[in-house]
1. I'd like the accessible area for Thr18, computed on protein heavy atoms only with a 1.4 Å probe and all protein chains in place. Round to 10 Å², please.
2. Can you compute 3J(HN,Hα) from phi for each residue in the stretch 185-191, using the Karplus curve 6.51 cos²θ - 1.76 cosθ + 1.60 with θ = phi - 60°, rounded to whole Hz and x for Gly and Pro?
3. Taking H as built 1.01 Å from N, whose amide H comes closer than 5 Å to the amide H of Asn224, not counting residues under 5 places away?
4. Taking 0.36 nm per residue of separation and subtracting the Cα-Cα distance, what length does fully extending Ala291 through Glu448 add?
5. Non-local amide H neighbours of Gln83 (under 5 Å, H modeled in plane, Pro and chain starts lacking H): which ones?
6. Run the accessible area of the stretch 142-277 with a 1.4 Å probe and give the carbon-and-sulfur part as a rounded percent.
7. Please give the FRET efficiency for Glu105 paired with Gln143, using the beta carbon to beta carbon distance and R0 = 30 Å, rounded to the nearest 0.05.
8. How do Glu529, Glu312 rank by accessible surface area computed with a 1.4 Å probe, from largest to smallest?
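The values are calculated or read from the model by the stated rules, or taken from the named source; none is laboratory data. Note that the coordinates shown come from a computational prediction; the quantities given were computed from them, not determined experimentally. Here the Cβ positions follow ideal geometry from the backbone for every residue, glycine too, while neighbour counts run over all protein chains shown. Keep in mind that these areas ignore ligands, DNA and RNA; they rest on the heavy atoms of the full protein, side chains included. Shrake-Rupley method; radii C 1.70, N 1.55, O 1.52, S 1.80 Å.
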Amino acid sequence: MPNPESAAPPAAAATLRTRLSALGARLATWSPARKITAAVGGALVFALLAALLLWRGEAEYGVLFSNLDARDGAAIITALQQQNVPYRLSGDGAVILVPRTTVHETRLRLAASGLPSGGHVGFELLDEQKIGLSQFGEQVNYQRSLQGELARTISAMGAVAAVRVHLAIPRPTAFLRDSQKPSASVFITLRPGRSLDAGQIAGIVHLVSASVPQLSPAAVSLVNERGELLTAPDGPGGRLGLNAGQIAYVRQLEADYVARINHLLEPLFGAHHFRAQVTADVDFSEVEQTAETFKPNPDKDQAIRSQTLANEQQRGPTIQGVPGALTNQPPVPATAPITTPPVVPGAPTGEQSTRTSSTTNFEVDRTIAHTKRPVGQIKRLSVAVVVNDDALTPPPDPAAGVDPLKLIANLVTEAVGIQEARGDTLAVSSTRFLNADGPAIPLWQDQEMLQLINTLLIWVMVLVTGVVAYFTLLRPLLRAIRGPDSGRRDPAAADDVRVSLSGRREGPGAPGEGSAPGDYAAHLDRARELARTDPRLVAHVIREWMK
């Protein structure tokens, strides 16, 4: 007894051969135009599928390095070829692209080899010292290395495209009067649309001066690609005498005041419906004052330091005798006391004088004041605020007594601290903004929109490929494989056996298309039997015909 499982493969093979024979016979009945159309459609489908697979399967390339000079570009390409890393060139050879997944790894490997060098030689030049090199040659190599290292460091700034540094280092001498100070010159090429502010200029100057011994910042000159001297003769601050820190302080002060106004008005009008600007006049002068003040003549409240009183009396001797010649004669004989009274002792005789003096010393009243004014005092503030007319609710109406601009002025005055005695000014006005929602980003610069368009194009290509493949290749092949005797009772099968209401055959089974003469009667009987047993299917077929 034969095994049914062993007989299954020959039956399947016979069925497959029958189907392929039917497909070949069906394709043989096609007209040349239909064959050409099917061939072109199939080729187009395969081409679209291949392009789609190549597009999606191609590795995305990322920027490895950009703005390279010829020397660095050649060295990097040589290193990539030795490492078997695929690459592409763009931007006239100034940009090197590698697969995005290997960008960071490739950069690290090239950095270990000292690439890119930026077109400057650094201290690696000292690693190649030759035997027998003179002292002058060693000094030249050291100066070249120092210039290259400074150029590499300055080139790391975002606004700098290229830089060259020239150092003038005098030879040391034993005579003090013949010694000279070093100087430096820096030539900078900026990127398009970029500029250096005062802080960045001062940073470059101090970087160079701190890298060379005994180099003063005043001896460093900075020139851009247009030949403009960026360092003023009086220093980075120019004739105003303001250094980078003071300029940054003024900018920060103005930004703080603008932030206060924005924080106050954004909830009322929105971020794009007003603009505010503040200008601050700051006094950075250092003033120290010492004053010594004396009060006028002493008053009753003044203290006495010391006082001296002196009272002097003087009495002269008694003058006796008669003036003249008699005074030179001998005295007369003495008389008895009883007849002449004696002179009482202590009785005032002769002339008497009295003198009184008084000295008073008062405390010296004086005041010594030492005043030092703080640096960075605000001398004057100028504030300007403009508001969009569409954001004012209600609109300005001075006749009705409602003026929102005055309310805004009061709020800004309190927020900023306007002082009329100091000379501060505030201007608030309203006008119609051209674009209150901010500048519109062009479509070709919107990354999200470009990504969305790219995704839509991919799905559209997939859809178009599927539709073309179905109508030009799959549908005719399915019809050829089913054949007229598939025996399937569905609308799609009924569509292969098209019988008109008048009894004439249409479609592939029509006479003259290679079908047997008895097929028409069999199909007609089958259609009648189908109409009796399944009228809904016949109604569906007729509905499809009417469509």
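1. Near enough 90 Å² of accessible area.
2. These are the phi-based 3J(HN,Hα) values: 9, 10, 10, 10, 10, 8, 6 Hz.
3. Residues meeting the criterion, in which the H sits 1.01 Å from N, are Ile188, Leu230.
4. 49.5 nm
5. Sorted by chain and number, the residues that satisfy this come to none at all.
6. 54
7. The formula returns an efficiency of 0.25 here.
8. Glu529, Glu312
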